[in-house]
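Encoded as structure tokens, the structure appears first; notes follow it.
No value in this document is a laboratory result; all are computed from the given coordinates. For clarity, every value in this text was computed on a predicted model and none was experimentally measured. Cβ coordinates were reconstructed from backbone atoms using ideal geometry, including for glycine residues, and neighbour counts include every protein chain displayed.
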């Protein structure tokens, strides 16, 4: 088993390449992914290898792109269709929500849709309000979909491989600012299971639940807090739908405190569902309410001066974690 | 063949329609496509055409409202006669089938009604701290919270002086407590308690596990919570209240575990309560029994003779009449001297002990006492004692002599003030007129409550019993 | 175009099947025996029949909310259709789809659709798979005049032409988009004018003439199979009944005279006249076709009524596919 350093972006690329090698039914379609290799370079070199019939440049037509994937999937192919920015999910929402997610159910089980929708989300590049959103909460609300969000190159390759092999419509979200992140990635093909979270750091004092780029920021925060005597357990969800509640709840039962961290807007973000489930399953173990660190309730601002306050980072995450451990009245005189 | 004409469903949300006016007269012919009537639904008027031909027989009247699918008329074929009674034809489709949405795999935890309406300040305690405090037997009232808003958190419990690790004794009763979703974490069943007890305990920060439950049904009641709090308030506030040392884990794997429930549990509770609440001590005194032995032999010629215990009961009863201070019980008002003498007799039964009562023992002749005790003992062993037989004792007699015991320290049976232990009838040696004489003796062990009488009166009382035993003929 | 007697009788039979099914469904709906929405195809039978008769079972079609006609024309089973409309577990979709999502993947019918225009992108996907697989299959997207105004249609039409896919866009122009006349919602009169805008040929046909429809369909399908790309057929047709249901509740938005005019050109009766006149069939034979199919409808209704409703433990089934590989 040989590993080598690979970027998040190339880990995605390798997963697609190996899947297309192994199965002729796998093809990719999207805007600028063929000749140009994708605006984020994630499809680089694939059209040269597999040809324009298998790595297809489409017009700028998000609904038709998803529809293409749906029709091809229900006819027996295994499509990967790309939405350039996660914000454009909204343009194609009918095809994703009303068609792809529901065809199997509405047809009484007769349809199978082995469709992978991939997209790039996240802020921090001054791409402004319509090119920076994290909309995973919208998608997680839809029965019939699966939503995956890797935080590192190793997970990206394994999870993308799993998404392609999955016989349900899956949405694989890449974070734009993780594309250059490098890590050790095995050369051979491998799969990571969907619906299973990973404990990225074990700890005693508080459970930090996160995914995507914020997972890495949470680990940085955890290192800072270790110096203050706070031992964080950090869980990388990896799959958002279906949610691995069990791993999270088992951890909270041990630590008694939970903080959910995501880049998406805090209000009605995925953290709300996770917090609700934690308090349902581990109420008697909580020493503090479940906290959520997320973006403020506004569109993503353009100016870096504002955007830096919008996106959570290790500093704001550490502060959120300190909050659930706070004992403001400790040290005051005691009566017995 | 007649065709039913129903109130049509003309829109997805239409549920009923009102007949505004018939457009065809009764008995007239209707062709396919003829508008037959005008209806109103949701403030919209509409004409309804017929899909079949026939002669109209109207059933509904103008102004009447019908649900979609209900018959409002009949179209008769040529030669047919209108039916005498209108046939009601409600819509056939049962739509209620899919109404229940509790599907497998979907959990719908129901919220339990929580006690509300506390007056005064509440102590805020995190769920985790509450659970740990219950497990460790920590009284939350003693804990000051350092979390936000003064919330007690687990760390606040850790910083208390270390309490001995306790195991909450298993309860025989499990109470169906409604909780929201989660199960009790430590696997211990919740303490059985009335709702009123829980509310009061929650308000005062009392740990229900530390409160003594009602011995009859094992529930902690509001009264027992109140009693517990009063006790704690009376106790030295600095020292932890002398709570019962809870049982600890067995030092080896037990061969068998007998639960402290039922009679065993009752005895356990009453005996330890007795020792806790009274100031008990025991004196012993030998009684010469030659006269009793001879008297017994004489009576035995006529029939079954009284037992030695019967003699002691008789003697004790008469002694109590002469020493009424010992026929008493301690009440909240003070030491109550009781007029009637009812002597309880301890009877060993399977797995325990019962103390049936010989009522008005001081008025009964020895023979009557013997008959009574015999009946009571039999009934006790058969489990057929009535409540009357067990109630109201003012003094108890307990014998261990048949097991070779001479002296022991019996525990007073609450609410009595004293108990008399009877030892072994034995041959003893004494000196009389300088001569060594063999006598029959047994030892009386009198335990009394020092709150009620002091040593001297107790000794005098015991002496009276010894005296009575020396003159068995006077026992009637 | 010279068509054999068999083909003509087949066209006739398809239309009568649709007519009888839809009339029965309409009556059941008015008797409050069918839950939910129902959109009836009565009057438009020639379009579905003419087009589907040009297709094989493994050619795919996507449909509209008015989808019973397409499924029947493609060979749909009456029993399973009626059961689905009644929400029974023996229906095509096990009672989970209903009229608006009725489908038969084995017949290549990729579902009626509750979203206007949403079928076209899916048909494009099916056509993509057809081209990818190189087995000579084609896809047909059915849609109404109203759907040509929605974004998804433009995207689908454009993408199909850009990618040169084996697809036929079959437009059923019945002059109304729900309750509003087509003339109020677009500045052009003929949908076919849009075809050139995407780079594909288009034809107008009389949607009440099954032979004309069939001829155009055969040509368009052959073109697609030859790899020459998409084309558009605009069939001018008319629905006799309301947008949904049979009788109209509320404001009359179509003049009675207009309805009557179109009924004069009824696709089935006019075709029957031609068949008899040309000696291809007789009145008796035609009546037998109707009678036999009426029996089938009655059997289907009975089957559906006797079928069980889905059990609540089926509620969460088939949300996802379980992995088997």
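Straightening the chain between residue B:450 and residue B:223 buys 78.9 nm, computed as 0.36 nm per residue apart minus the Cα-Cα spacing.
From helices alone, chain C scores -13500 deg cm²/dmol at 222 nm; the rule is -39500 (n - 2.57) for each run of n ≥ 4 DSSP H residues, then divide by the residue total. Antiparallel beta bridges, as assigned by DSSP with both residues in chain A, represent about 25 percent of the total such bridges. Principal axis extents of the Cα atoms in segment B:262-475, from largest to smallest and rounded to whole angstrom, are 52, 39, 31. With the cut-off at under 19 Å, measuring from each backbone N in segment C:170-206 to a point 7 Å along the Cα-to-Cβ line of residue C:251 picks out C:175-186.
Working from label points 7 Å from Cα in the Cα-to-Cβ sense, the residue B:471 to residue C:164 distance is 13.8 nm.
As a test, work out the antiparallel percent of DSSP beta bridges whose residues both lie in the protein assembly as shown, rounded to the nearest 5.
If I count the DSSP bridges inside the protein assembly as shown, around 50 percent turn out antiparallel.
For segment A:198-325, the antiparallel share of DSSP beta bridges with both residues in that region comes to about 20%. What shape does chain C have by the C-alpha gyration tensor, where a ≥ b ≥ c are the square roots of the eigenvalues, rounded means a/c under 1.5, and otherwise prolate means a/b greater than b/c and oblate the rest? It is rounded, given that a/c, with a ≥ b ≥ c, falls under 1.5. Of B:463, A:102, the sequence from fewest to most neighbouring Cβ atoms within 10 angstrom is B:463, A:102.
Fully extending the segment from residue B:28 to residue B:288, taken as 0.36 nm per residue of separation minus the present Cα-Cα distance, adds 81.2 nm. Per-residue Cβ neighbour counts within 10 Å put B:22, B:448 in the sequence B:22, B:448, beginning with the fewest.
Each of A:170, B:284 was scored by other Cβ atoms within 10 Å of its Cβ. Arranged with the fewest first, they read B:284, A:170. Taking the longest Cα principal axis of chain A as reference, the axis of helix A:270-281 is set at about 60 degrees.
Using a Förster radius of 56 Å, what is the FRET efficiency between residue A:53 and residue B:248 based on their Cβ-Cβ separation? Nearest 0.05, please. Kindly include the intermediate steps, with their values, before the conclusion.
On the way: r = 78 Å, r/R0 = 1.39.
So, using R0 = 56 Å, E works out to roughly 0.10.
For a paramagnetic label modelled on residue C:77 (point 7 Å from Cα along Cα→Cβ), amide N atoms under 15 Å away belong, within segment C:89-114, to C:89-95, C:103-109. Can you tell me the 0 to 90 degree angle between the C-alpha axis of helix A:245-255 and the longest principal axis of chain A, rounded to 10? The answer is roughly 20 degrees.
With the simple model of a label 7 Å out from the Cα in the direction of the Cβ, residue C:287 to residue B:276 spans 10.2 nm.
Take every Cα pair under 8 Å whose residues are at least 6 apart in sequence, average their separation, divide by the length of chain A, and the relative contact order is 16 percent.
Considering every alpha-carbon pair of segment A:1-159, the percent of pairs per 5 Å bin, from zero through the bin containing the longest distance, is 2, 9, 17, 21, 22, 17, 8, 3, 1, 0.
Roughly speaking, what is the stretch gain from residue C:225 to residue C:274, that is 0.36 nm per residue apart minus the C-alpha to C-alpha distance, in nm to one decimal? All intermediate terms of the calculation are to be shown ahead of the outcome.
Working: separation 49, 0.36 × 49 = 17.64 nm, distance 3.11 nm.
Stretched fully, the residue C:225-residue C:274 segment lengthens by 14.5 nm.
If you plug the beta carbon distance of residue B:231 and residue A:254 into 1/(1 + (r/R0)^6) with R0 = 35 Å, you get a FRET efficiency near 0.40. Taking the longest Cα principal axis of chain A as reference, the axis of helix A:8-22 is set at about 40 degrees.
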